[in-house]
Structures are given as structure tokens and as C-alpha cells.
Amino acid sequence: MIRHIVFFSARDRADVEAIRAGLAILAGIPHADRLEVAVNARADALSGEVDVVVYGEFADAAALAAYKAHPLYQRSIELVRPLRELRIAADYETATAAIGRAGVAPVSGAPSS
């Protein structure tokens with residue numbers, strides 16, 4: 001599985017809802033196993049530059065590529081790009097990710113908190 005995470009910041013705070021709405025149309029694309037679009041809850045002082053988050057799960061690279069090729073993806077870009085200041089995206093394969101759970105010892109060599 002591939003996880004796709006994208007962070008957006010608005011040029012103007014008044015545009016945050018328009019960015020969220022422009023990204024929400026991505027939910028109409030059938031290639032994601034899961035897709036979430038949300039306004040940042042700003043749980044800590046360091047999250048101030050992120051306004052909207054997109055989180056997606058895809059079966060494989062082909063599904064992610066099909067999602068990005070879909071006309072609704074292109075429409076979302078047209079709606080959101082003029083309103084955003086920053087876009088940061090990351091995709092990763094869950095099979096190669098370091099995974100931890102509460103009560104489980106950290107992976108050897110990983111920093112502890």
C-alpha cells in the first residue's frame with residue numbers, strides 16, 4: 001500500500017475553506033482505497049504553516065498514478081493552485097515503513113522520546 005500525504009498553506013487565511021472545498025472533489029476519484037481532506041486542527045505551535053491536509057491510501061503505484069491522471073485531480077489543481085502558498089507532498093510504501101505501537105519497544109537505532 002502507498003500512503004499519499006499532502007500539506008497546503010493558504011496565501012490568505014480567508015481562502016482556507018475554498019482550498020478545502022477544491023481538494024474535497026478528490027473524494028470523487030475511484031482509485032483511492034481511502035481519501036481524507038481536512039483543515040489542520042493546529043494541535044501544537046509548530047503546525048501553524050499547514051492549513052489543509054490530504055491523506056490517501058492506494059493499493060499500489062498504478063492506483064496512485066491513475067488517481068493523479070483523473071480529470072477531477074486536474075480540476076482540483078486548477079481550483080487550489082491560485083490560492084495556495086505552499087504544497088508539500090510525500091508518498092511512501094507501507095511495506096518499507098518503520099511502524100511502532102504504544103507499549104512496543106522502538107526499532108533498534110531509532111531515537112527514543
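For segment 9-113, which fully contained helices (runs of 4 or more DSSP H) count at least 1 residues that are modelled with pLDDT of 95 or more and in contact with a Gly (Cβ under 9 Å, 6 or more places away or on another chain)?
Values: elements: 16-24, 61-69, 71-80.
Counting at least 1 such residues, we get 61-69, 71-80.
Residues in segment 41-66 that are closer than 16 Å to Leu23 by Cα and in contact with a helix residue (DSSP H, G or I) (Cβ under 6 Å, 6 or more places away or on another chain): Asp51, Val52, Val54.
The values are calculated or read from the model by the stated rules, or taken from the named source; none is laboratory data. For clarity, every value in this text was computed on a predicted model and none was experimentally measured. Positions of Cβ are generated from backbone atoms using ideal geometry, with glycine treated the same way; all protein chains shown enter the neighbour counts.
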